[in-house]
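The values are calculated or read from the model by the stated rules, or taken from the named source; none is laboratory data. Remember, predicted model here, so these are calculated numbers, not experimental data. Ideal geometry is used to build each Cβ from the backbone, glycine not excepted, and the neighbour counts take in all protein chains shown.
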Amino acid sequence: MSEIKQHWQKIELNEILSISSKKFNPIGNNENKKCVELEHLSQETGKLLGYTNSSEQQSIKNSFEEGQILFGKLRPYLKKFWKAEFEGVCSSEIWVMNGKKVKNDFLFYLVQTEKFNQIANVSSGSKMPRADWNYMSEIPFDIPPLKEQEKIAEILTTWDEAITKQTELLEAKELQKKALMQKLLSGEVRFDGFSDKWEEVRIDKLFDFKKGQELSKEKLEKNGIFECILYGELYTTYSEVISEIKSKTNIKEGIKSKIDDILIPASTTTSAIDLAIASTIQKDNVLIGGDINILRKKTNNINGEFISKYLTHIKKMEIAKYAQGITIIHLYSKDFKHLKIQLPSLPEQQKIAEVLSLADDEINLLKNELEELNLQKKALMQKLLTGEVRVKV
């Protein structure tokens, strides 16, 4: 055994932890407990998103105690885990774990390791894959002595506390921005020097309506010559302002953007409200894919960033009402071109867009810092839980 792993033991998982078999039947039981379902466990963060009441349940649940580790065995690739902060019950699709040769504080980080998740994903079932304890239980892990376990858990807990604090800062900043946006985009709050009445105008008086041309994912090229946007990226990649383009293609024919074009998805398979998002593109000559409504300004008295934020946050519900369909929901430009908006002067539009852009910059900075903390924690876990780096105890 190398010096770096001195005193560490190779132990099978069934000797490291046990899975509780304690059950709770909510039917006919007057005792009402907090009930954690799979949807209440956040992916990869170890955070609890909420809970329901056992009195509302009709199926047998697993019981858990404060300090035990919960791990979602159904679709284990979702990486759902939590260290219980109270006593309660949970879905039968959640394992309730207790450390045997490790403390639960250490076990909480062990279930987050790449190795644990790899073996959890050697699962049974195709449509509803579940982690297979019979397989996992015999897999050995390198486990440090108790004092070293405690020190490792203490270090990683400090990192988690920093991540939690950063997350709370981000959430608070996002709430502040939401409130600010509502007040500025509605005209409830005005900046000094602006007192003119906002003009009510139909958007077809401001924009010509176009439609993007078909461009599939298969046509994307990592080193393609031309920049492009697919309609799905309006949901997953971009917000109200598109300044950097993520995708490229070698296809050159199609509808190309002009600065301040407003892009609105034209279809979805989820719900009408998901269609009611607008993005302004701040680059010329970007290929616009199919299923995208393009609003191209007729006048220079329009700020694209103001319009995209206004449509997304002030007119969201109204735009959604124009959507049609059941399985596939469509939003046709002919149906919402008569939409009326309240339009301030161009200088006021620009001022509002500038202030909201600064708020976005602050939020993006916090997001980048949070991402860096998560990456640091991941790297630290890899080093500490493999013994690559030892701690002093």
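Odds and ends about this structure:
- For residue 344, the conditions (1) farther than 19 Å from residue 189 by Cα; (2) at pLDDT 95 or above; (3) surrounded by 19 or more Cβ atoms within 10 Å (Cβ to Cβ); (4) not charged (D, E, K, R) are fulfilled apart from (1).
- Residue 48 farther than 28 Å from residue 383 by Cβ, within 30 Å of the chain's Cα centre (by Cα) and not β-branched (Val, Ile, Thr): no
- Residues of region 169-206 that turn out to be closer than 18 Å to residue 312 by Cα and among the acidic types (Asp, Glu), as a count: 4
- Residues located in region 91-103, provided they are in contact with a helix residue (DSSP H, G or I) (Cβ under 9 Å, 6 or more places away or on another chain) and not basic (Lys, Arg): 91, 93, 94, 95, 97, 98, 99, 102
- One residue from 172, 120, 179 being outside the structural domain of residue 260 (by TED's automatic domain parsing) and under 19 Å from residue 82 (Cβ atoms): 120
- Test: residue 348 is under 30 Å from the mean Cα position of the chain (by Cα) and either among the acidic types (Asp, Glu) or farther than 18 Å from residue 299 by Cα (or both): no
- Matching entry among 200, 171 (being at pLDDT 95 or above, not in a helix (DSSP H, G or I) and not hydroxyl-bearing (Ser, Thr, Tyr)): 200
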